[in-house]
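Just so you know, all these numbers are worked out from the coordinates, no wet-lab data involved. The model shown is predicted, which means the values in this text are computed figures rather than measured ones. FYI the Cβ positions are ideal-geometry reconstructions off the backbone, even for glycines, and counts take in every protein chain you see.
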Amino acid sequence: MKIRGNDFRDALRHFPAGVTLVTVRSGERIHGLTVSAFCSVSPEPPLVAVVIDQKHNTFDLLQAEGSVFAVNILGEEQSDLSDRFAWKPEKERFEAGDWSVATTGAPVLNSALAWLDCRIVDRYPAGTHTIYVGEVQESSVPRPDEKPLIYWNRDYRKLD
């Protein structure tokens, strides 16, 4: 018997995840969204993956030739930024935070714990989502000694 979507999501809410802002540049357009589906793939070459719902606005941007993205790892006090990029209208998202541009042209959050600037090297459709593999072109760790923002059981958490 196939598991129901609600049961699947209920089980996965018990797996803690870090919280990131994935920021995208596609031509002259920038966009960002909150993402917990992020992982390291390979140290040589340096690869990471983000998983994006195909119904999200970001999907079309990431599908465009030449699009790039950055992964901004949030600190435990940055839940407001996470909420902003999850729920605010697109035009209001970058109004908060200290932003600059990385090597690829993707926006990076200067106050993130760390960020990774990526060029898309592979796209893999996976059910309702697409896995984007990015080769890291540049990275920075502005706040190496601070704690990450964690999402677990449908709420933000802090490390003790």
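Couple of notes before you dig in:
- Under 5 Å from the amide H of Leu149 lie the amide H atoms of Val19, Leu74, Gly75, Glu76, each residue being 5 or more positions distant or on a separate chain, with H modelled from the backbone and absent for Pro and chain starts.
- Remark: region 59-73, residue by residue, has Karplus-estimated 3J(HN,Hα) of 3, 4, 5, 6, 6, 5, 4, x, 5, 10, 9, 10, 10, 10, 7 Hz, where x stands for each Gly or Pro and the curve is 6.51 cos²θ - 1.76 cosθ + 1.60 at θ = phi - 60°.
- Taking Cα centre as origin and charging only the Cβ of basic (Lys, Arg, +1) and acidic (Asp, Glu, -1) residues, the dipole magnitude of region 72-156 rounds to 280 debye.
- By the beta-carbon count within 10 Å of each Cβ, the least crowded to most crowded order of Val48, Val121, fewest first, is Val121, Val48.
- Long-range amide H partners of Val41 with built H, under 5 Å: Leu47, Val48, Ala49
- Cα centroid of region 18-45 to Cα centroid of region 87-160, whole Å: 5
- Counting only aspartates and glutamates at least 8 places from Lys88 when in the same chain, those with an alpha carbon closer than 12 Å to its own are Asp80.
- Semi-axis lengths, largest first, of the ellipsoid equivalent to the chain are 22, 20, 16 Å, with √(5λ) applied to each eigenvalue of the Cα gyration tensor.
- Given R0 = 22 Å, the distance between the Cβ atoms of Lys88 and Val133 translates into a calculated FRET efficiency of 0.20.
- Of the GluC sites (Glu not before Pro) found in region 52-116, those in coil by DSSP whose Cβ has at most 16 other Cβ atoms within 10 Å are Glu65, Glu76, Glu77.
- Total charge dipole magnitude, region 5-153, about the Cα centre, Cβ charges on Lys, Arg, Asp, Glu only, Debye to nearest 20: 260
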